[in-house]
Amino acid sequence: MNNNKLLILLLSFLVIIKFIIFPILDWQNELIAETTQLEKKINKSEAYINDLPKLIEQQETLKNILIKSKSNIETYHDIGRYKINKQREIEQMFRENNVNIKTLNWREDMKTINGFSLKLQLQYSGRVKDFIALKLAILSLGQSVNLRVFGINISIQGNKSLGFANGNMEIIFSPMESGNAAV
């Protein structure tokens, strides 16, 4: 009988451990894990709060960059007038740089999400040094303009001259549609 009491006592002790002690220990471990996670979040929040002035300064810098970038992108109200103005501007650039335009053709306009992609193909001839200056001038037109030179033939080079150039180029304009644009 003494063994039975001892076994019952041992069994009751094991039941107490299984159903009371272990759940309390698990609950404490969960609380410790939650507390650790909350401490990490608090530390991270404190770091953000400490870095807030830097973040605000960086946000302002990015806003200014975005505003400047948007101001460099061309817009149009009437795509026909835009093309005429760009054609005049390009013709003027060629005249100022002493490069002759042999042919000038607008290719089919391609509508994009924000506006148009306009391709102006032309053939030219002139001195190489003038062509180099012209190319630099076209490249300085801004983000909305992309220059593709298809071919260039250089001839009659000498000791005192870079020679003459003739060839084809394509200038791609990518203006964005303004709020009240007429297509």
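The values are calculated or read from the model by the stated rules, or taken from the named source; none is laboratory data. If you're wondering where the values come from, they're calculated on a predicted model, not measured in any experiment. Positions of Cβ are generated from backbone atoms using ideal geometry, with glycine treated the same way; all protein chains shown enter the neighbour counts.
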## Note on the structure
The condition of being out of contact with any Leu (no Cβ under 9 Å at 6 or more places or on another chain), modelled with pLDDT under 85 and not assigned by TED's automatic domain parsing to the domain that holds Leu139 holds, among Ile24, Ile17, only for Ile17
### Message
Against the definition (of a type in the set (Lys, Arg), under 26 Å from the mean Cα position of the chain (by Cα) and surrounded by 10 or more Cβ atoms within 10 Å (Cβ to Cβ)), how does Lys18 come out, yes or no?
### Response
no
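Each row is one residue, and each column tells you yes or no for (1) loosely packed, with under 11 Cβ neighbours inside 10 Å; (2) within 18 Å of the chain's Cα centre (by Cα); (3) assigned by TED's automatic domain parsing to the domain that holds Leu141.
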position: Leu31; (1), (2), (3): yes, no, no
position: Lys40; (1), (2), (3): yes, no, no
position: Glu46; (1), (2), (3): yes, no, no
position: Ile49; (1), (2), (3): yes, no, no
position: Pro53; (1), (2), (3): yes, no, no
position: Leu62; (1), (2), (3): yes, yes, no
position: Ile67; (1), (2), (3): yes, yes, no
position: Ile79; (1), (2), (3): no, no, yes
